[in-house]
Amino acid sequence: MVVRQLASEVINRIAAGEVVERPASVVKELVENAIDAGAGSIEIVTAAGGKTLIRVTDDGSGMGPEDLRLAVERHCTSKLDEDNLFAIDTLGFRGEALPSIGAVARLSLTSRTVDADTGWALSVEGGRVDEARPAALTAGTVVDVRDLFFATPARLKFLKSDRAEATAITDVVRRLALAHQHIRFVLTGSDRSRTDYPARTGEDGRAARIADVLGADFIDNALAIEAGREGVGLSGLVGRPTFNRANTQHQFLFVNGRPVRDKLLLGALKGAFSDVMARDRHPVAALFISIDPAEVDVNVHPAKADVRFRDPGLVRGLLVGAIKAELQRAGLSATTTSARAALAAFQREPDRAPAFADAGIGGAPRPADGWYRTQAAPAAGAPAYLRTGAAPVAGFAEEAQSGLAGFDAPSAETRAWARPDADAGLERPLGAARAQIHENYILAQTRDGLVIVDAHAAHERLVYERLKDERARSGVARQMLLVPEIIDLPAEDVARLSAAADDLAETGLVLEAFGPGAIAVREVPAVLADRLDIAGLVRDLVDDLAEWDTTSRLADKLDHLAATIACHGSVRTGRRLKPEEMDALLRDMEATPKAGQCNHGRPTFVELKLADIERLFSRR
């Protein structure tokens, strides 16, 4: 075998494959350079999803001709103190971005320092560097990247459509804009509409930038997070459990101002919402972690998307604990989007007149197919009928209306307002029960609106929280196995489990090493004894210990079982509740943590303000 040294151009192209995966990678590197240069305004222009053009213009410190020449050489950087590799406080530092981009594209740099008489320009094409030349430019830098991957055309066929690549660039800019709200970001080009994030300063600057990126709906339905532990700080906003998304693209996590997609942090965020959100839904969040740079390694991934913490358990525990505590403090809450969706369901359908059925109020025709008369004599311009999309509600009428033709008298179960203390709960968050419809939904009146409660979902949450509380107070009951379960494992996994044996015993699992390559399980949680896949559980625990250094898997399984028991033991749809039972359910909800959503993440109630209801009837 003959050993030979590769040409520098080939080396650069190979290295470029690690740094430049797609146009979004180029944008990330160039914008990070602009941020590190102290820019106050950054403009990004793209064409064809960044394949034919990426231009980044900033008003940062700029460079002279000597610095320009070094900037396109590998391993040249102005951002790293070589005497201390563990104090990295800049976004870029390895000196590979510009030479990697220049190796696979046509790269042009134009820059000027504040005190220079003129700017300087330099070009790199397929790794070949030209001499620097004078150029006209105000202070700052312009980096122009054209024909990405023209020098490695095989890479082009692995890129996605122009729209997909443009979307990826947008996501990169959004994340960097969230992390640096004091900088103005402008994203424009022939492949997109213009986006302008103005610089945000002051105490509310971060919240204003979050609203710019994630929208006002998120701000209206978010909880503020502010916590710290042992030198690690956590701040930001998380959406309420009922304000969720179908994927994780709306989760923005930052470590010392660096956007990351770290598995540990994403897993911690999911864990914090584990018992208040469905498994196929994901929370929305913008969270910022501040930590001593010496306590985190940001150089474990070529694109610096992953980080490694010296004490991952501390960071994960802080994030999970802070979010869970805030969810509990938030108590009852309904998202504004749920209320708007409920109101939209009552909007009349345009350009369609209701079909009439048999006689209704006072012998007048009554609309069929879910249409309801709004007023006996509607005001000018007011809708005479609304469509709810549901069958008429039997037995729902005030006593004053009970004698009107076409209405059935309310049953004793629904006449909650007939009790002497019917108004006692009006000042409470969930109000006073007024009726039950479709034998599941409770209608409650508050001072300024209406609350609709899903009785089954609400009671499911109440039972679940009681089961968890009992488990926490009395401990997990264990059952000894008649014959210990022996599970063969690699020696390193046996060592991990043995080290965590005390923690596992607290969750009901007693095990011990059984030779150098096996674990013996002697006791298991009693509630899982008849249905537990012990071998599968132990292997999952090993994976958890290896990846997260946590034993949460067993606790999650216990919580999941408690949720199943709660679901089957809750008020079932179809059961009629007495007025006092409905009021008792409302009061229990007000006193129970996380009662705003069931164990599956669905909302337990929707609140409609009186002003919104009046708008439906053109009273406002």
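The values are calculated or read from the model by the stated rules, or taken from the named source; none is laboratory data. All of these numbers come straight from a predicted model, not from anything done at the bench. Every residue, glycine as well, gets a Cβ built from its backbone with ideal geometry; the counts of neighbours run over all protein chains shown.
Here are the numbers for this structure:
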{"quantity": "Output for region 175-202, where each listed residue is free of Cβ contacts under 8 Å to residues at least 60 places away in the same chain and either of a type outside the set (S, T, Y) or part of a loop (DSSP other than H, G, I, E, B) (or both)", "calculated": "A177, Q181, S193, R194, D196, P198, R200, T201, G202"}
{"quantity": "Top-ranked residue of region 495-526 - restricted to ones that are out of contact with any helix residue (DSSP H, G or I) (no Cβ under 9 Å at 6 or more places or on another chain) and within 30 Å of D275 (Cα to Cα), ranked as modelled with the highest pLDDT", "calculated": "R522"}
{"quantity": "Count of residues meeting criterion [part of a loop (DSSP other than H, G, I, E, B) and modelled with pLDDT of 90 or more] in region 210-239", "calculated": "3"}
{"quantity": "Search result, residues across region 31-50 that are buried (at least 24 other Cβ atoms within 10 Å of the Cβ), touching an Asp or Glu at 6+ places or on another chain (Cβ under 9 Å) and closer than 16 Å to A168 by Cβ", "calculated": "V31, T46, G49, G50"}
{"quantity": "Conditions (1) closer than 15 Å to K51 by Cβ; (2) loosely packed, with under 15 Cβ neighbours inside 10 Å: number failed by R194", "calculated": "(1)"}
{"quantity": "Every pair of residues 6+ apart whose Cβ atoms lie under 7 Å, when the first sits in region 212-239 and is more than 13 Å from V284 (Cα to Cα) while the second is surrounded by fewer than 17 Cβ atoms within 10 Å (Cβ to Cβ) and among the hydrophobic types (A, V, I, L, M, F, W, C)", "calculated": "R229/L314; E230/L314; V232/L314; L234/A227"}
{"quantity": "Single residue of region 445-472 satisfying the filter (within 32 Å of the chain's Cα centre (by Cα) and basic (K, R)) that is surrounded by the most Cβ atoms within 10 Å (Cβ to Cβ)", "calculated": "R461"}
{"quantity": "Top-ranked residue in region 130-147 [being in contact (Cβ under 8 Å) with a residue 12 or more places away in the chain and over 44 Å from the mean Cα position of the chain (by Cα); ranked as surrounded by the fewest Cβ atoms within 10 Å (Cβ to Cβ)]", "calculated": "A136"}
{"quantity": "Residue in region 272-289 that is surrounded by the fewest Cβ atoms within 10 Å (Cβ to Cβ), counting only those that are in contact with a Phe, Trp or Tyr (Cβ under 9 Å, 6 or more places away or on another chain) and either closer than 18 Å to G236 by Cβ or outside the structural domain of L234 (by TED's automatic domain parsing) (or both)", "calculated": "F288"}
{"quantity": "Close pairs (6 angstrom Cβ cut-off, 6 or more residues apart or separate chains): closer than 22 Å to A272 by Cβ in region 585-601, surrounded by 22 or more Cβ atoms within 10 Å (Cβ to Cβ) and among the aromatic types (F, W, Y) anywhere", "calculated": "N599/Y464"}
{"quantity": "Flag for D130 being modelled with pLDDT of 85 or more and more than 18 Å from I11 (Cα to Cα)", "calculated": "yes"}
{"quantity": "Boolean, D544 is surrounded by fewer than 20 Cβ atoms within 10 Å (Cβ to Cβ), at pLDDT 65 or above, within 25 Å of the chain's Cα centre (by Cα) and not hydrophobic (A, V, I, L, M, F, W, C)", "calculated": "yes"}
